[in-house]
Structure formats: structure tokens, C-alpha cells
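Right, one structure below, let's go through it.
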Amino acid sequence: MDIDFGVPASNLKQFGLGSTLHVADLGAGSGHYTRALSGMLSEGKVYAIEVQKEILERLKNDLSREGKTNVEYIWANIEKMGGTKLADNSLDAVVISNVFFQIEDKVTFIKEVKRILKPKGRILLIDWSGSFGGMGPTSESVVTEDSARSLFENNGFVFEKNINAGANHWGMVLVK
């Protein structure tokens, strides 16, 4: 089975970012979004935030070799209040891709995102639309688009629009 993981550049284009913004990639993982953001934010800054130290170090080494100088790497737990280690109201936008289904305490996570975003700050939220034979989450872990939207709206965010995140994902933009 061919799995479409969602193309970061296409998803970010639909999100619409200016070149001077400060944006966090929460749960940066192998860095597909961090890499794409770094190229887009020529005068801005990317915060690659990851709980797995080894993965973060590998990402830092890879992007350093590529000459990416506008990325700050933060070893942190995005599931706790204050866990991102970022200041209140410090970011223009946040990218959350293929991470939300893994979050145990989704409300606390949403509150942490709200804390770090500036007023009118935006979220690009992308996650799996199903379980695909071992790729992505188990069927019990899948978070539906409607459920995610409700959770964010119930915690003070406003839905802006859906994006086309590929065949196996849903995507949306929300505003603080």
C-alpha cells in the first residue's frame, strides 16, 4: 500500500506564512516540517521541539550540514504546561503534524499551545485520517477531524479553514 504522508511544502503553502515569522514545529521528529519552514522563514525563526533527544540531535546535525541557521532546537515535553520552554505569547504560528493522535492529555497540550501563541496566532494541525495497516496510529488512536476541531474550539481557538493534507491525512488551520 502506498502511504501519502502529506507533503510539508504543499501543506505549509496552504497555511500561508510570511518570511519573518517565529514558528514552532511541535513534535518535530525527523524534521520534514522544520526543514521546509527553515527555507520559507528567511528572516524568521523555527523552533524544532522534540521529546526524543537522539532524534533532535540527528535533526540538528543534518540541518547544520545543510547550512540552516534559523532553527533553534529544543529538547522538551510538549504535553506539559510550560513544557515547550517557550515564553508566553511568543510565537506567530505552530505546526502540529502527525502528533496529536499520540498526545495523552490533549486539553493540557492545547492549553500549552495557546500559552505560547501570540493573540491571533495560528495553528496548522495535520493528523492521520485512519489506520493504514501498520502505518500511522492504531485504529483506537486515530483522532477524527471533527473531534480535534471540537477540542480546540472548546479551548478558545477559532476554526479558519481546512487544507488538503493528502489522501491519508486531514488538515486544518485554527486561530487563537
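The values are calculated or read from the model by the stated rules, or taken from the named source; none is laboratory data. Owing to the predicted nature of the structure, the values given are computational and were not obtained by experimental measurement. Neighbour counts run over all protein chains shown; Cβ positions are idealised from the backbone, glycine included. Side chains included, ligands, DNA and RNA excluded: accessible areas come from the protein's heavy atoms. Shrake-Rupley method; radii C 1.70, N 1.55, O 1.52, S 1.80 Å.
Just a few scattered comments:
- His22 contributes about 70 Å² of solvent-accessible surface, heavy atoms of the protein only, 1.4 Å probe.
- Lys, Arg +1 and Asp, Glu -1 on Cβ, resulting dipole of the range 19-119 about Cα centre, debye, nearest 20: 100
- Cross-linked pairs Lys60/Lys161; Lys53/Lys120; Lys85/Lys120; Lys68/Lys106: Cα-Cα separations exceed 28 Å for Lys60/Lys161; Lys53/Lys120; Lys68/Lys106.
- In the context of the full protein assembly, Arg122 retains an accessible surface of approximately 50 Å², using a probe radius of 1.4 Å and ignoring ligands and nucleic acids.
- The relative contact order of the chain comes to 22 percent, based on Cα pairs under 8 Å that sit 6 or more residues apart.
- Mean residue ellipticity (222 nm) of the chain, computed from DSSP H runs ≥ 4 via -39,500 (n - 2.57), nearest 500: -8500 deg cm²/dmol
- Amide H within-cut-off set for Asp25, under 5 Å, with H built and near neighbours excluded: Tyr47, Ala48, Ile49, Val95
- For the pair Lys80 and Glu104 in one chain, pulling the backbone fully straight at 0.36 nm per residue adds 7.6 nm over the alpha carbon distance.
- Dipole of the chain, positive direction: furthest Cα of Pro137, Ala165, Gly83, with charges on the beta-carbon: Gly83
- Dipole of the chain, positive end: most advanced residue of Gly44, Leu151, Ile123 [Cβ charges, Cα centre]: Gly44
- ³J(HN,Hα) computed for each position of the range 101-115 - Karplus, 6.51 cos²θ - 1.76 cosθ + 1.60, integer Hz, glycine/proline x: 5, 8, 6, 6, 9, 5, 5, 4, 4, 4, 5, 5, 4, 4, 4
- Tail weight of P(r) past 25 Å, computed on alpha-carbon pairs of the range 1-144, percent: 24
- For the range 117-128, Karplus couplings with θ = phi - 60° (6.51, -1.76, 1.60), whole Hz, Gly/Pro x: 7, 5, x, 6, x, 10, 10, 9, 10, 10, 8, 5
- Sites Ser90 and Glu160, calculated FRET efficiency, Cβ-Cβ separation with R0 22 Å, nearest 0.05: 0.60
- Hz values of 3J(HN,Hα) by residue in the range 17-25 - Karplus curve (6.51, -1.76, 1.60), Gly and Pro given as x: 10, x, 6, 10, 7, 10, 9, 9, 9
- The dipole here belongs to the range 55-176: it is taken about the Cα centre, uses +1 on the Cβ of Lys and Arg and -1 on the Cβ of Asp and Glu, and is about 440 debye.
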